[in-house]
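**Student:** Next up is a structure, given as structure tokens.
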Amino acid sequence: MTMPDKNILDLKVLISEEEIQNKLKIIAKQVEEIFPADEDIYVICVLKGSVMFCIDLVKHFKHNVQMEFIRISSYGHETKSTNNLQAIDLTLPNLEGKNVLIVEDIIDTGLTARFLTDLFKIKHHPQKVIFVSLLNKKCARQVDIEPDFYGFEIDDKFVVGYGLDYKGYYRNLPYIGYFPN
Ligand code: IMP
């Protein structure tokens with residue numbers, strides 16, 4: 001059986017399940033201030049990392065929500081961004097004139113966020129795009145971009161859990177953790 005070359009017993013909790021769940025309510029309120037609850041929204045889940053965050057976040061919305069899933073890869077099996085974005089599936093319906101909420105797990109270098117923001121503005125012509133990220137590694141930024149809202153600012157350490165993986169593992173953890181050096 002293939003196992004990740006790190007031991008889950010060494011994993012330290014950085015952000016607990018309770019902290020995450022509380023933060024979701026705050027983010028949902030922030031989104032509602034931009035997109036009133038009587039307006040429809042398209043929620044774009046950026047796979048695979050934002051799957052947990054996105055699925056939990058939409059449960060707090062009172063809007064009519066349509067969910068779409070796109071897939072981008074930037075890390076491969078490394079713990080540092082490869083600066084090499086791979087758009088695996090960007091299939092989306094017509095979003096012209098729609099309210100769009102892009103949901104990301106983490107903004108690290110900012111390259112993915114930059115790519116997505118440009119893509120939506122240039123190709124999809126929505127009425128309004130809001131970018132939300134659970135985590136924000138501001139100190140690792142390579143391009144000048146910030147999400148409209150984010151849950152937690154973190155140091156430049158590699159984190160796993162709640163959708164984020166190391167070599168494909170640990171996405172199922174309900175909290176965010178890291179492996180101390
Ligand atoms: P960026 O383009 O460098 O901002 O990276 C964005 C993507 O890299 C995220 O959507 C994650 O999938 C992945 N990523 C960045 N930092 C981490 C981390 O600490 N753990 C796991 N994945 C990460």
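**Student:** Can you run down the residue pairs with Cβ atoms below 8 Å, 6 or more apart or on separate chains, where the first is in segment 94-120 and farther than 24 Å from LYS80 by Cβ and among the hydrophobic types (A, V, I, L, M, F, W, C) and the partner is open to solvent by 10 Å² or more (accessible area, probe 1.4 Å) and assigned to a helix (DSSP H, G or I)?
**Tutor:** LEU95/HIS124; VAL100/HIS124
**Student:** Just checking, how many residues over segment 84-126 are within 13 Å of the ligand (Cβ to nearest atom), assigned to a strand (DSSP E or B), among the β-branched types (Val, Ile, Thr) and buried (at least 19 other Cβ atoms within 10 Å of the Cβ)?
**Tutor:** 4
**Student:** Also, I was wondering about something else. Any idea which of SER74, SER50, SER16 is within 15 Å of the ligand (Cβ to nearest atom), surrounded by 11 or more Cβ atoms within 10 Å (Cβ to Cβ), of a type in the set (S, T, N, Q) and modelled with pLDDT of 95 or more? Lay out the reasoning, then the answer.
**Tutor:** Working: SER74 fails: modelled with pLDDT of 95 or more; SER16 fails: within 15 Å of the ligand (Cβ to nearest atom).
SER50 is the lone residue from the list that is within 15 Å of the ligand (Cβ to nearest atom), surrounded by 11 or more Cβ atoms within 10 Å (Cβ to Cβ), of a type in the set (S, T, N, Q) and modelled with pLDDT of 95 or more.
**Student:** List pairs: first residue in segment 21-46 and under 21 Å from ASN136 (Cα atoms), second residue among the hydroxyl-bearing types (Ser, Thr, Tyr) and open to solvent by 10 Å² or more (accessible area, probe 1.4 Å) anywhere in the structure, Cβ distance under 9 angstrom, at least six positions apart or on different chains.
**Tutor:** ILE27/TYR150; VAL46/THR112
**Student:** Can you say whether LYS138 is more than 8 Å from the ligand (Cβ to nearest atom), within 15 Å of the chain's Cα centre (by Cα) and open to solvent by 60 Å² or more (accessible area, probe 1.4 Å), as far as the supplied structure shows? Step through it out loud before you land on a result.
**Tutor:** Working: more than 8 Å from the ligand (Cβ to nearest atom): yes; within 15 Å of the chain's Cα centre (by Cα): yes; open to solvent by 60 Å² or more (accessible area, probe 1.4 Å): yes.
Considered against the rule, which asks whether it is more than 8 Å from the ligand (Cβ to nearest atom), within 15 Å of the chain's Cα centre (by Cα) and open to solvent by 60 Å² or more (accessible area, probe 1.4 Å), LYS138 comes out as yes.
**Student:** What's the number of the only condition in (1) over 25 Å from TYR175 (Cβ atoms); (2) among the hydrophobic types (A, V, I, L, M, F, W, C); (3) in contact with a helix residue (DSSP H, G or I) (Cβ under 9 Å, 6 or more places away or on another chain); (4) part of a helix (DSSP H, G or I) that LEU57 fails to meet?
**Tutor:** (1) is the only condition that LEU57 fails.
The values are calculated or read from the model by the stated rules, or taken from the named source; none is laboratory data. Here the structure is a predicted model, which means the values were calculated and not measured. Ideal geometry is used to build each Cβ from the backbone, glycine not excepted, and the neighbour counts take in all protein chains shown. With ligands, DNA and RNA removed, areas are computed over all heavy atoms of the protein, side chains included. Shrake-Rupley method; radii C 1.70, N 1.55, O 1.52, S 1.80 Å.
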